[in-house]
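The values are calculated or read from the model by the stated rules, or taken from the named source; none is laboratory data. Computed from a predicted model, the values in this text were never measured in an experiment. Neighbour counts are summed over all protein chains in view; Cβ atoms, including those assigned to glycine, are modelled from backbone coordinates with ideal geometry.
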Amino acid sequence: MMQHRRTFVAAGIYNILWGAYTLLDPQWLFRVAGMPPSNTPQIFATLGMVLGLYGVLYLEVARRPEHGWPIAAVGLTGKVLGPIGLAFFILSGQWPWQTVAITVTNDLIWWVPFGIYLRAAWPSFRATF
């Protein structure tokens, strides 16, 4: 369980920091990707707020890993659906390929550790029903 605690502490801190930075500077991705500034930066700021709140939930999984299966499952689902949505925007030409940078650190690197946790925690979660 210690490995899982470390994973979710790292995920929690990462999400809180990413969310706080995005809330404070909602134009950063547009600058990094060479895109024109957004006319609606509050939408990206809101995404930062939501991801920061996910960080709080991940810290709860780290605190009580035996009860964190639902939170981690929702988190991993978002980490799979996010890249699918981004791929649509990139392939349709709406966003440049440079925006894939947010997917690597926000999503892809977490697939394996979240998956390992979900597999290990499934018997405990199932037993609660």
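The combined condition, being touching a residue at least 12 places away in the same chain (Cβ under 8 Å) and under 19 Å from Gln98 (Cβ atoms), is fulfilled by Thr22.
Does the stretch 6-22 hold any residues that are over 20 Å from Glu60 (Cβ atoms) and either touching a Leu at 6+ places or on another chain (Cβ under 9 Å) or outside any helix (DSSP H, G or I) (or both), and which are they? Even if it seems obvious, please write down each step before you answer.
Let us first name the residues in the stretch 6-22 that are over 20 Å from Glu60 (Cβ atoms), namely 21-22.
Scanning the stretch 6-22 gives a single hit, Thr22.
If the condition is being surrounded by fewer than 17 Cβ atoms within 10 Å (Cβ to Cβ) and free of Cβ contacts under 8 Å to residues at least 40 places away in the same chain, then the stretch 7-19 contributes Ala10, Leu17. For Phe88, the requirement of being loosely packed, with under 12 Cβ neighbours inside 10 Å and modelled with pLDDT of 95 or more is met. Would you mind stating whether Val9 is on the phi < 0 side of the Ramachandran plot, of a type in the set (A, V, I, L, M) and touching a Gly at 6+ places or on another chain (Cβ under 6 Å)? Answer is no for this residue. Restricting the search to helices (runs of 4 or more DSSP H) fully inside the stretch 31-129 and requiring at least 1 residues that are in contact (Cβ under 8 Å) with a residue 60 or more places away in the chain gives 69-91, 100-103, 109-127.
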